[in-house]
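What follows is a single structure, written as structure tokens, with notes after it.
The values are calculated or read from the model by the stated rules, or taken from the named source; none is laboratory data. Since this is a predicted model, take the numbers as computed values, not measurements. Every residue, glycine among them, receives a Cβ derived from its backbone with ideal geometry; neighbour counts consider all protein chains shown.
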Amino acid sequence: MAIDVLRGWGILMTEHKTEGLVKLKALLKGARICMLTTRDDEGNLRSRPMAMQEKEVDGDLWFFTARHSPKMGEVQSDNRVNVSVVNGNAYISISGRATEVDDRKKTEELWSPAYKLWFSKGLEDPELVLLKVTMEHAEFWDNPGGMVTTLLAYVKTLTTGERPNVGENGVVNR
């Protein structure tokens, strides 16, 4: 796995397999809601908000969903998906393959009583199933200084002609 990290406008390349995933996991820390995009039968892209259950060290993501939901039909037809996340000043796009996982032990591990709002029978709900997204590619944009730092970098560019350093952009391939 390689990660290309763009610092401002320069490129830093490294071959450390875990570095990109460590950075990605750090950027995802605390993120709860994302947009999951699937492709419908007509080829249209469909996005919907989803609550992330777990972000594994290897980049995989877990979600609860209903077994017979439209998204699961779309995943069965074409399991290529994208997960988009905004977390503070970080923007993350994860492309991968989605699979239905019917694993009672994993479901119990991730379960919270709050999910009874969507699955009224709790863990016994026959519609309850896990959706696992196995990451294949991710890209992130991280601007730890936020909007003020970005605006100051652009003002500096206008006055000095130097290219702005507005954070990091990285690509992680699994």
- Message: Looking at ALA90 and the list (1) surrounded by fewer than 16 Cβ atoms within 10 Å (Cβ to Cβ); (2) under 21 Å from SER47 (Cβ atoms); (3) touching a helix residue (DSSP H, G or I) at 6+ places or on another chain (Cβ under 6 Å), which single condition is not satisfied?
- Response: (1)
- Only one of these conditions is not met by TYR115: (1) hydroxyl-bearing (Ser, Thr, Tyr); (2) surrounded by 15 or more Cβ atoms within 10 Å (Cβ to Cβ); (3) modelled with pLDDT under 65. Which number is it? (3)
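Please tell me if GLU74 is acidic (Asp, Glu), modelled with pLDDT of 95 or more, at negative phi and part of a helix (DSSP H, G or I).
Working: acidic (Asp, Glu): yes; modelled with pLDDT of 95 or more: yes; at negative phi: yes; part of a helix (DSSP H, G or I): yes.
Yes, satisfied.
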- Task: Test each condition in (1) assigned to a strand (DSSP E or B); (2) modelled with pLDDT of 95 or more; (3) touching a Lys or Arg at 6+ places or on another chain (Cβ under 7 Å); (4) of a type outside the set (Phe, Trp, Tyr) for GLU136 and report the one that comes out false.
- Result: (2)
- Note on the structure: Restricted to the range 114-126 and to residues being within 24 Å of the chain's Cα centre (by Cα) and in contact (Cβ under 8 Å) with a residue 40 or more places away in the chain, the residue nearest to ARG174 (Cα to Cα) is TYR115
- Would you mind telling me which numbered condition in (1) at pLDDT below 95; (2) surrounded by fewer than 19 Cβ atoms within 10 Å (Cβ to Cβ); (3) of a type outside the set (D, E, K, R); (4) not in a strand (DSSP E or B) PRO126 fails? (1)
- Message: Can you tell me which condition THR99 does not meet? The list is (1) of a type in the set (Ser, Thr, Tyr); (2) within 16 Å of LEU130 (Cα to Cα); (3) not in a strand (DSSP E or B), and all the others hold.
- Response: (3)
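Looking only at the range 139-169, how many residues end up being modelled with pLDDT of 75 or more and touching a helix residue (DSSP H, G or I) at 6+ places or on another chain (Cβ under 7 Å)? Break it down stepwise before answering.
Here is the first cut: in the range 139-169, the residues modelled with pLDDT of 75 or more are 139-143, 168-169.
Checking the rest, the ones that are also touching a helix residue (DSSP H, G or I) at 6+ places or on another chain (Cβ under 7 Å) come to 140, 142-143.
Number of matching residues: 3.
Test of understanding: among GLU109, GLU42, which residue is part of a loop (DSSP other than H, G, I, E, B), without any contact (Cβ under 8 Å) to a residue 12 or more places away in the chain and either surrounded by 17 or more Cβ atoms within 10 Å (Cβ to Cβ) or of a type outside the set (Gly, Ala, Ser) (or both)? Explain how you work it out, then say what you get.
Working: GLU109 fails: part of a loop (DSSP other than H, G, I, E, B).
Answer to the check: GLU42.
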- Message: Looking at the range 45-55 only, could you name the residues that are of a type outside the set (A, V, I, L, M), more than 11 Å from the chain's Cα centre (by Cα) and surrounded by fewer than 18 Cβ atoms within 10 Å (Cβ to Cβ)?
- Response: ARG46, SER47, ARG48, PRO49
- Is there any pair linking a residue in the range 54-80 that is in contact (Cβ under 8 Å) with a residue 40 or more places away in the chain to one that is in a loop (DSSP other than H, G, I, E, B) and crowded, with 20+ Cβ neighbours inside 10 Å, with Cβ under 7 Å and at least six apart or on different chains, and which? TRP62/GLN53; PHE63/GLN53; PHE64/GLN53
- Item | Some residue of the range 26-38 being buried (at least 19 other Cβ atoms within 10 Å of the Cβ), touching a strand residue (DSSP E or B) at 6+ places or on another chain (Cβ under 6 Å) and over 20 Å from VAL129 (Cα atoms) | yes
